[in-house]
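One structure is given below, encoded as structure tokens.
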Amino acid sequence: MKKLSLLCILSIFFFSCENDSKKTDKKDTAQSVKEYTIEQIMDNESISGGSFSPDKSKLLVTSNRSGINNMYTIPANGGDYTPITESDSSSVYAVSFFPEDERILYTMDGNGDEIFHLFVKNTDGTSQELTPKKGARASFFGWTKDEKGFFYQSNERDNRYMDLYEMDLATFTSKLIYKNEAGYGIGDISDDKKYLTLSKTINTNDNDLFVYDIATKKLTKVNKSVSANNPQEFSSDNASLFYTTDADAEFAYLMKFNITDETHTKVLEKSWDVSGSYTTNKETYRVTYTNEDAKNAIEVTEVASGKKVDLPDFKDKSITSVSFSRDDTIMRLYVGGSNTPSNLYTYDLKTKKLTQLTNALNKEVNIDDMVTAKVIRYKSFDGTVIPAIYYLPKQATADKKVPAMVWVHGGPGGQSRQSFSALIQYLVNHGYAILAVNNRGSSGYGKTFYKMDDQNHGEGDLQDCVEGKNWLASQPEIDGDKIGIIGGSYGGYMTMAALTYTPEEFKVGVNIFGVTNWIRTLKNIPPWWESFKDALYEELGNPHTADSVRLKRISPLFHTDKVTKPLMVLQGAKDPRVLQVESDEIVAGVKKNGVPVEYLLFEDEGHGFVKKENQIQANSQILSFLDKYLKKKEEFKD
């Protein structure tokens, strides 16, 4: 089965760089920049996808240009958008054109509840729900080789586990391909429908990988040691499996497993993590993703010759993802950077014609006013070198110092990337430096670094953030007395942990749907996370055992009396991961201390705010909060 696109794993190599841990070069001259309103900064467009129509005349994309995610088509040679859906409530996400006609497969959930269903948009404009069972999730898994059907996963039989189904395009009837009673992860299916890849989670880094014979039910283990193993694709002759692994290494590389004789061959190894690799539909090209210091590096090679394909040069911007038309003649590319949202291009492999299809950055915003991120490194309390992404306002100098925020990514196990963030650029444009810390436990820096925070959350990882604050304070352009902390999900937890367990380190905190009670969160994980539950327990602790003692100790909710600094909390009412009660209770607890608390609750959002009007309100109020309690500081004297 050839995938339409590659979901890249966030993984990069970890280098120790002596000079990076020192102060950055002193900036003596302030640059004049225009300050933009939140409406201007948020009037950028977020675009994703890019499925070619069967005749290659247009591409199907998802865009939030209407204020919410909807589907559009764009001519492959450039031109105006054509709206396909006009939802004003739930977001609509494009999946693909049908292989042989212009019907469209798409997916929606209920305002962020993550219960996704699959739908078809017919050429006459009507829509049909293909997976209608209430409360059951469904996700597209790929087109069949003969293009007469598609595979999808659903937990409609048992809400804990995702089964694999095949749906016929002529009748829209489905049949069960694999009944998942043991909680495996399903990774790929061979073109002849004989084999599946199944994985069994061991911990949050490692998993066992298997090839499953659908007819005989024989299960063959691929990996020989405890390691992270991720299936990429079966070979076109259905005889081998390509997969990435970090077996006997810190970083992932590409392997080939022969199913018949169970031999292994190393295919590709780089000095950075190989996060994914696949061949295009007609097997003309192999596409390989490597993450290099928090951004993607993409290599396209000719399968027949092994020659590297020369891709267009975008100078200070990067190609973030690519995919191909079904006949392998046209490539679509996303190109962006930390100072601009990604734009969509098409590239004719034969004529070398490059066509830009979108202009995602608001035309009212001068890209020269946006800040390009810089990767820095600093030593933490125990000598561990911590990588981080640094945004210094252009108007900052040693004589005009600016306040700063330590930014913590989601996860645990996520990673801050060199990619565009409207909120970060908005804060930087208004005079706040941002240090996006990749503390211990972040993905992409080798498995040793990744495991360093196991059952150490709120401790070593928190100290990494404190040392990030200290690094900021040592910079000549930063006002060391005005540094706060901000983050979402796990980053929200880290914000609350910082205000609770190191109450004098940060002057303010912004908690965006952060966990504050690990015992409740781990007891109430969504049912479809069942196969991953034990791995979460191993990393964080089992709330049903003696681990609950430690989990209570590191849960800020039980220690709100220690919070002394102004706090802002943002939450979606439909969030299935971090329940609203988490934010309700932390706000109530901190308010008892007489500490300023601002609480922003969105009734129509889940784990992450996707509606532009809500994003505008959230980001605007975050800046107002920081201006009031961090930049000016006259409103609250601690």
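Could you tell me the center-to-center distance, by alpha carbons, between region 496-561 and region 307-369 in angstrom? That distance is 40 Å. Percent of Cα-Cα pairs more than 16 Å apart in region 280-370, please. Summing the P(r) tail past 16 Å for region 280-370 gives 57 percent.
With θ taken as phi - 60° and the Karplus curve 6.51 cos²θ - 1.76 cosθ + 1.60 applied, the whole-hertz 3J(HN,Hα) list for region 226-243 is 5, 6, 8, 9, 10, x, 10, 5, 7, 5, 5, 8, 6, 9, 9, 10, 8, 8 Hz, x standing for glycine and proline. Among Thr301, Thr372, Thr62, sorting on how many other beta-carbon atoms sit within 10 Å of each Cβ, with the fewest leading, yields Thr372, Thr301, Thr62.
Calculated from DSSP H runs of 4 or more alone, at -39500 (n - 2.57) each and per residue, what is the 222 nm mean residue ellipticity of the chain, nearest 500?
On the way: 10 runs with 94 residues, N = 638.
-4000 deg cm²/dmol, from helical runs alone.
Each peptide in 124-137, 143-156 gets a packing score, the mean of other Cβ atoms within 10 Å over its residues, and the list from highest to lowest is 143-156, 124-137.
Based on every Cα atom in region 65-156, Rg and the maximum pairwise Cα distance Dmax equal 13.7, 41 Å. The mean sequence separation of alpha-carbon pairs under 8 Å and at least six residues apart, normalised by the residue count of region 421-463, gives a relative contact order of 26 percent. With a Förster radius of 22 Å applied to the C-beta separation of Glu114 and Asp88, the computed FRET efficiency comes to 0.65. Normalised by the number of residues in the chain, what is the relative contact order in percent for Cα pairs under 8 Å and 6+ residues apart? 13 percent.
Computed from the C-beta positions of Thr502 and Lys317 and an R0 of 35 Å, the FRET efficiency is 0.40 to the nearest 0.05. Counted by neighbouring Cβ atoms within 10 Å, the residues Asp313, Asp109 run from fewest to most as Asp313, Asp109. Take the Cβ atoms of Glu102 and Ser139, set R0 to 25 Å, and the FRET efficiency comes out at 0.65.
When Trp529, Trp518, Trp407 are sorted by how many other C-beta atoms sit within 10 angstrom of their C-beta, beginning with the fewest, the order is Trp529, Trp518, Trp407.
Applied to region 609-621, the Karplus parametrisation 6.51 cos²θ - 1.76 cosθ + 1.60 on θ = phi - 60° returns per-residue 3J(HN,Hα) values of 8, 10, 7, 4, 5, 6, 4, 4, 5, 4, 5, 4, 6 Hz, with x for Gly and Pro. Could you list the trypsin sites (Lys or Arg not before Pro) in region 175-238 that lie in coil according to DSSP, counting only those with at most 10 other Cβ atoms within 10 Å of their Cβ? Taking region 175-238 and a limit of 10 other Cβ atoms within 10 Å, the loop trypsin sites (Lys or Arg not before Pro) found are Lys217. Descending by average beta-carbon neighbour count within 10 Å, the peptides 272-278, 382-388 line up as 272-278, 382-388, the highest first. When peptides 77-83, 434-440 are sorted by average Cβ neighbour count within 10 Å, with the highest value leading, the order is 434-440, 77-83. Region 106-209 has equivalent-ellipsoid semi-axes of 25, 18, 11 Å, by the square roots of 5 times the alpha carbon gyration tensor eigenvalues, sorted largest first.
For the chain, the fraction of alpha-carbon pairs lying more than 41 Å apart is 25 percent, rounded to a whole number. Spin-label model, Gln621 to Ser127: label points 7 Å out along the Cα-to-beta-carbon direction sit 2.9 nm apart.
Values in this text are rule-based calculations from the coordinates and carry no lab data. The model shown is predicted, which means the values in this text are computed figures rather than measured ones. Neighbour counts are summed over all protein chains in view; Cβ atoms, including those assigned to glycine, are modelled from backbone coordinates with ideal geometry.
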